[in-house]
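Scroll down for the structure; my scribbles are underneath it.
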Amino acid sequence: MMNSIIQKRSLAEEVAEQLRSEISAGSYRAGDQLPIEAELMKTFGVGRSSIREAVRILANSGLVRVQQGVGTFIEAPAGITEPFVQRLKRADAHDLDEVRHLLEMKIAEKAALNHTREDLRQMQLHLDKRRLSAEQGSVEGCIQADIDFHLSVAKASGNEILADLYQSFAMHLKSWFAQIYPDTAVFKETMELHENLYLSIKARAGKKAWEAAAKILNY
């Protein structure tokens, strides 16, 4: 059972996040100077130490450049610095699905080459849950098991960046799937396709795994 830890952000982190959002939204452009400390203190209603810490956070992340005696300047173009998870929240469904296609096929190919016995065990476990949920008519169970299966494939790829990217997508896939799948019919119909993907990965057949993932996505 996972323990949930709620972390409370400091005032400096709150200010840094708000400034980061303004930069991403285009309120500030590369080369623009941030308001002086006194103005920022008034705007955010916090003390000087919180403003200085917020600027330090932004400087450490490469968003701003501090010139002693001159001021603080925007270092990166607006838009590039927007957190990826935040960008996904406003992504078009078509764009999201297109990127997901590319990710899943590459992940399947890599998983065929790099998986471990434990990876295979996890995949099989989620496939079994997916099948059982479909038989029981549980849409929610099917969606969760389906996402967990593909997440286990991503982890088996051996590429942490690919796995992290898919993890970010998975957060949005769940709500999306809940909207487009009213029952478990599609999960029953694609069960064999998912089993073929698993078997291709198990056989270390990269090309077949790629093709199997493509068939699932194009169903």
* State all residues of region 171-192 that are under 18 Å from Leu103 (Cβ atoms), surrounded by 17 or more Cβ atoms within 10 Å (Cβ to Cβ) and of a type in the set (A, V, I, L, M); if no residue qualifies, say none. => Leu173
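Residues are listed down the side, and each one gets a yes or a no for (1) surrounded by fewer than 17 Cβ atoms within 10 Å (Cβ to Cβ); (2) among the aliphatic types (A, V, I, L, M):
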site	(1), (2)
Asp95	yes, no
Arg100	no, no
Arg117	yes, no
Gln122	no, no
Ile147	no, yes
* How do the pairs read when you match residues in region 28-39 that are at positive phi with residues anywhere that are among the hydrophobic types (A, V, I, L, M, F, W, C), using Cβ under 7 Å and keeping only pairs 6 or more apart or on different chains? -> Gly31/Phe73; Gly31/Ile74
* Asked: Could you count how many residues in region 169-194 are farther than 19 Å from Lys155 by Cβ and outside any loop (DSSP other than H, G, I, E, B)?
  -> 14
* Listed residues Ser152, Ser200, Ser138; which is in contact with a Gly (Cβ under 9 Å, 6 or more places away or on another chain) and either of a type outside the set (Val, Ile, Thr) or not assigned by TED's automatic domain parsing to the domain that holds His94 (or both)? -> Ser200
* Asked: Just one of the numbered conditions (1) more than 18 Å from Ala214 (Cβ to Cβ); (2) buried (at least 18 other Cβ atoms within 10 Å of the Cβ) is not true of Ile161; which one?
  -> (2)
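The values are calculated or read from the model by the stated rules, or taken from the named source; none is laboratory data. Nothing here was measured: the structure is a model prediction, and the numbers come from that model. Neighbour counts are summed over all protein chains in view; Cβ atoms, including those assigned to glycine, are modelled from backbone coordinates with ideal geometry.
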